[in-house]
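To start, the structure under review is shown below, and the notes come after it.
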Amino acid sequence: MNKWLKALLFLVGAAILTRLIPFSSWFRILDTMIHELGHAVMTLLMSGRVLSIELNPDHSGVTYSMLASGGWSPIVVSLAGYMSASLFAILMFYGYAKKKQATGLITITVLALIMIIFFVRAGYGLWWLIIFMIVNLIFYFLGEKVRNFYYLLLAFLVLEESVVGPLTLLTMALTQPKQAGDASNLANMTVLPAFVWALLFLLFALWCAKMALQLFWKKR
């Protein structure tokens, strides 16, 4: 079977199965956390200032920042969100392939703590991060088998959302191009329309998903 077709079928099947798990929707905000953290880190690298980050129960998020207008900086920051989420999916499955689930879980928890300390001030996002950290620590100490299963569940949830996000963005870019988030921002700064940027995000996400699944299959 073609590797791309196999990856797509596996991804669809995993998305259906994980949605049958109670509270899986709540954990999918992890992808939003990585997305917004990507914007924040790139803003700082571009000598900008991050004011705050919001994480919402509908899986949306907003990074409020100050960045010098003009040049490549705003474009790079806009690209960072979806690309960070896609690359993070590969990183999680790399940890799984190298049997570093414990290290990976601690890393995710530390990233959540960094979000609390520097970026998320209040609201739903703050409480989500606190509870998420507590849940991570509970699973960490429940034993290797339970911890590894929990880590793999998070990995698949991040993987699915890293693809579903750009797919939703593409739909929005085709129907309401001025409200397509990062794609709209990039369209305003470049000559390419929003749907082209959304399509590029989706293609990159699919490539990253294929790489992540290859790590999963290799491990098994």
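The values are calculated or read from the model by the stated rules, or taken from the named source; none is laboratory data. As the structure is a prediction and not an experimental result, all values here were calculated from the model. Neighbour counts are summed over all protein chains in view; Cβ atoms, including those assigned to glycine, are modelled from backbone coordinates with ideal geometry. Keep in mind that these areas ignore ligands, DNA and RNA; they rest on the heavy atoms of the full protein, side chains included. Shrake-Rupley method; radii C 1.70, N 1.55, O 1.52, S 1.80 Å.
Quick notes
- R0 of 41 Å, Cβ-Cβ distance Val62-Thr103: FRET efficiency to nearest 0.05: 0.85
- Local charge for Ala85 was computed over the other residues whose Cβ lies under 13 Å away, with Lys and Arg +1 and Asp and Glu -1, and equals -4.
- Estimated FRET transfer efficiency (Ile138, Leu192; beta-carbon r; R0 45 Å; 0.05): 0.50
- Amide H contacts of Arg121: Ile53, each under 5 Å away and 5 or more positions distant or on a separate chain (H built 1.01 Å from N in the peptide plane; Pro and chain starts excluded).
- Carbon/sulfur fraction of accessible area - the chain, other protein chains in place, 1.4 Å, %: 70
- Charge sum, other residues only, whose C-beta stays under 11 Å from Ser162's C-beta, Lys/Arg counted +1 and Asp/Glu -1: -2
- FRET efficiency, 1/(1 + (r/R0)^6) with R0 22 Å, evaluated for Trp207 and Leu153 via beta carbons: 0.45
- Once the 1.4 Å probe is applied to the protein heavy atoms, the stretch 16-117 comes out at 49 Å² accessible per residue.
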